[in-house]
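Every number in this text was worked out from the coordinates using simple rules, so none of it is lab data. Small disclaimer: the values here were computed from a predicted structure and weren't measured. Don't worry about glycine lacking a Cβ; one is built from the backbone with ideal geometry, like all the others, and counts go over all protein chains shown.
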């Protein structure tokens with residue numbers, strides 16, 4: 001079974017990176033609408049208005065949230081500027097509606113794949129819009145080949161903007177060194193295990209060693225009272241991290257347990273009920289193909305849930 005799940009995970013990750021498949025789905029209305037029934041379990045909607053309504057509902061349920069306009073690896077300045085405009089719109093929406101939410105983004109969505117200078121220009125525009133309401137902007141992790149450019153951009157933007165956070169991937173061997181540089185800044189550090197394929201020798205596989213490394217980063221952040229986000233759906237890891245939170249007893253704004261919308265939500269509900277700071281991560285937009293593949297890849301048997309979502313919706317409609 002483990003071997004089959006591994007094969008399924010690798011296949012789905014490759015499918016997620018297939019640009020031709022993504023373009024075909026985006027321009028085939030029947031296929032798009034059919035597969036979107038499976039994606040709806042994990043996304044906030046196609047529009048900011050749909051996603052903001054879900055954020056407001058979850059705010060009322062006691063959750064802090066994060067909003068991200070889906071997309072990455074834009075190849076033209078026009079596309080990067082369009083994405084930047086949408087992120088600025090998110091900041092204004094959060095501000096005008098009083099949402100308890102941060103903004104998350106991939107730097108390659110706003111121009112990093114074109115040039116670092118263009119990306120920094122766009123990131124500065126977004127951070128300036130966010131600063132009006134002290135909204136935190138969280139820079140996501142991407143493939144290992146972009147780590148240097150992402151960290152350099154974060155260090156640069158941190159010189160002029162306070163409310164900027166960075167994501168570190170625990171599975172990369174280099175992260176132990178990157179971590180020492182990152183904690184010299186005040187921005188929140190979001191710790192994830194890491195999900196991108198890497199060349200051999202760059203990362204740890206899933207397992208007990210990676211879990212220990214992950215918890216060590218969380219321990220270091222909490223012991224320093226450095227703002228952190230504990231971003232994992234791994235129940236056992238959450239429980240161990242919970243013990244660290246109990247030990248260091250940080251202020252509620254110094255840490256948060258974070259989960260993606262639609263993934264192991266009950267675990268986050270339980271953490272919130274126990275009094276821990278919690279956060280739901282929402283994405284929206286039309287480029288959900290990669291996101292859906294990655295969510296199923298995390299546990300390939302979810303393909304059956306996806307099929308049920310598709311068929312079940314068709315039957316009831």
Sort 153, 115 so the one with the fewest other Cβ atoms within 10 Å of its own Cβ comes first. 115, 153
At a 10 Å Cβ-Cβ cut-off, how would you order 154, 284, fewest neighbours first? 154, 284
In whole Å, what three semi-axes, largest first, describe the equivalent ellipsoid of the range 125-281 built from its Cα gyration tensor (square root of 5 times each eigenvalue)? 23, 21, 15
Expressed to one decimal in nm², the mean projection of the alpha carbon convex hull of the range 48-88 is 3.2 nm²
Ranked by Cβ crowding within 10 angstrom, fewest neighbours first, how are 182, 103, 55, 192 ordered? 192, 182, 103, 55
So for the pair residue 92, residue 40, with labels modelled 7 Å out along Cα→Cβ, what separation do we get in nm? 3.0 nm
Cα-based equivalent ellipsoid, the range 84-200: semi-axes from gyration tensor eigenvalues, Å: 24, 15, 13
Spacing of the two label points (7 Å from each Cα toward its C-beta) at residue 57 and residue 311, in nm: 2.6 nm
Would you work out the relative contact order for the range 75-215, in percent, from Cα pairs under 8 angstrom that are 6 or more residues apart? 20 percent
Please give the Cα centre distance for the range 45-124 versus the range 229-265, rounded to the nearest Å. 24 Å
Can you list the residues of the range 217-251 with backbone N under 16 Å from a point 7 Å past the Cα of residue 134, pointing along Cα to Cβ? 227, 251
